[in-house]
Amino acid sequence: MDLTKDRKKLMELYRPGTEEFTLVDVPALPFAIIDGQGSPDHGAGADAVKNLFTAIYPIRRQARERMGKAFVEPPVEMLYWADDMRDLTTGNKENWKWRAMVTLPVWVDEEMFSNAVTQAKGHMDAVPNTLRMETFCEGQCTQIMHVGQAQEIPTLLERLYTQFLPRNNLEPIGAYHEIYLDDWSRTPPEQRKIILRQPVRPKR
């Protein structure tokens, strides 16, 4: 799906409400991806994001040339999971596994991505061995917009997993997903907008 041509779907995916969890169907989208594990707060997460944006800079430049003012920089997205899901709700990040992602234009193919990485190599200390392009489809998800500090998120997740999902006869599948809509270097913590998203299915 080309989200630049479907504004309604774009708003549905990236502008959920702040009061209640809602359901949304997330289509297959292409991403640049880097995997990691352990707490992303100890520099590893920031390094992965930096490498992602460095690797795809040639693609972003081409997107600006193609789309002009219509081009919007994609947000950073992170998937989180753990062997014990309680580590997510309690914020025990040392046991987390994670995936840093940035969505790509639909016209990017593997050859274009590989060429972009080759051009960007000189600007990275090393190319992460998990850096790749991958089409990712989450399907049915529940999500909400959180505005505020990241430390408040575990309370929302507790509400999601212990109240919303059981009440709607749903169960989580796949990795928990956060989407960061602001530049944290410029946005005060209390104003930061983070989409919390969880793939779900009817409870079996």
Which residues, taken from the stretch 175-191, are crowded, with 17+ Cβ neighbours inside 10 Å and either out of contact with any Leu (no Cβ under 8 Å at 6 or more places or on another chain) or among the β-branched types (Val, Ile, Thr) (or both)? Ile179, Tyr180
What number of residues within the stretch 54-97 satisfy the criterion of being in contact with a strand residue (DSSP E or B) (Cβ under 9 Å, 6 or more places away or on another chain) and among the hydroxyl-bearing types (Ser, Thr, Tyr)? 1
Where the second residue is at pLDDT 95 or above and part of a helix (DSSP H, G or I) and the first is of a type in the set (Lys, Arg) and loosely packed, with under 14 Cβ neighbours inside 10 Å and lies in the stretch 154-174, which pairs have Cβ atoms under 6 Å and are six or more apart or on separate chains? none
Can you name the residue in the stretch 80-96 that is farther than 12 Å from Gly174 by Cα and either assigned to a strand (DSSP E or B) or among the basic types (Lys, Arg) (or both) and, of all such residues, is modelled with the highest pLDDT? Lys93
For the stretch 45-97, which positions are in contact (Cβ under 8 Å) with a residue 12 or more places away in the chain, under 18 Å from Leu157 (Cα atoms), surrounded by fewer than 14 Cβ atoms within 10 Å (Cβ to Cβ) and of a type in the set (Asp, Glu)? Asp83, Glu94
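Could you please find all residues in the stretch 98-111 being over 13 Å from the mean Cα position of the chain (by Cα) and crowded, with 16+ Cβ neighbours inside 10 Å?
Within the stretch 98-111, Pro105, Val108 meet the criteria.
The values are calculated or read from the model by the stated rules, or taken from the named source; none is laboratory data. What you are looking at is a predicted structure, and each value in this text was computed from that prediction instead of being measured. Note that we place each Cβ from the backbone using ideal geometry, even for glycine, and neighbour counts take in every protein chain shown.
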